[in-house]
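K.L.:
Sending over a structure as structure tokens; questions will come in a sec.
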Amino acid sequence: MQNYEELNKSFINGQWVKGGSERSYDIVNPYDNSLITTIQLATSKQIEEAFDKAKAAQKQWAKCTVEERREVLHKAADYLKEHREEIVSVIGRETGGSVLKANVELHLTLEFLE
């Protein structure tokens, strides 16, 4: 998993793409107001492209069998387990919550995926 601070791009069609807008958005820890990272916002054209690609991908997803979908969700759960410590840290920072609360949130997510 990349460092959270490096995830300042939009995920479009399987690739991380830097936002083309002049505007940016600061992600701030609500507990202490410290800056976590700054996200370069996408342009309207990038958002439209992302929507079109997601719409096409949804059509492919709809054709998947239950077994294929289950496999994807299990891979997602494996990824979350493998990167648990970093993900818990990110959740805590971006919500201003405790490590315990972040662990509970991730645990509930994993229960849903498995």
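The values are calculated or read from the model by the stated rules, or taken from the named source; none is laboratory data. Quick caveat: nothing in here was measured; it's all calculated off a predicted structure. When we count neighbours, we look across all protein chains shown, and the Cβ atoms used for this are built from the backbone with ideal geometry, even at glycine. In case anyone asks, the SASA skips ligands and DNA or RNA and just uses the protein heavy atoms, side chains included. Shrake-Rupley method; radii C 1.70, N 1.55, O 1.52, S 1.80 Å.
K.L.:
Within region 92-114, track down each residue that is more than 22 Å from residue 27 (Cα to Cα), open to solvent by 80 Å² or more (accessible area, probe 1.4 Å) and among the aliphatic types (A, V, I, L, M).
P.N.:
Matches in region 92-114: 108 only.
K.L.:
Right, here's the next one. Do you know which residues across region 31-62 are under 18 Å from residue 89 (Cα atoms) and surrounded by 12 or more Cβ atoms within 10 Å (Cβ to Cβ)?
P.N.:
Listed by number, the residues that qualify are 31, 36, 37, 38.
K.L.:
Among residues belonging to region 63-91 that are closer than 18 Å to residue 113 by Cα and of a type in the set (Ser, Thr, Tyr), point out the one that is surrounded by the most Cβ atoms within 10 Å (Cβ to Cβ).
P.N.:
Only one residue fits best here, namely 79.
K.L.:
Continuing with the same structure: When the residues of region 38-64 are narrowed to those that are touching a residue at least 24 places away in the same chain (Cβ under 8 Å) and part of a loop (DSSP other than H, G, I, E, B), which ends up nearest to residue 26 (Cα to Cα)?
P.N.:
Checking each candidate, the answer is 42.
K.L.:
Could you list, in sequence order, the residues of region 66-114 that are among the hydroxyl-bearing types (Ser, Thr, Tyr) and within 15 Å of the chain's Cα centre (by Cα)?
P.N.:
79, 89, 95, 109
K.L.:
Additional query: What are the pairs with Cβ atoms under 8 angstrom where one residue, in region 102-114, is free of Cβ contacts under 8 Å to residues at least 40 places away in the same chain and the other, located anywhere, is open to solvent by 50 Å² or more (accessible area, probe 1.4 Å)? Sequence gap at least six, or different chains.
P.N.:
102/89; 102/95; 106/84; 110/81
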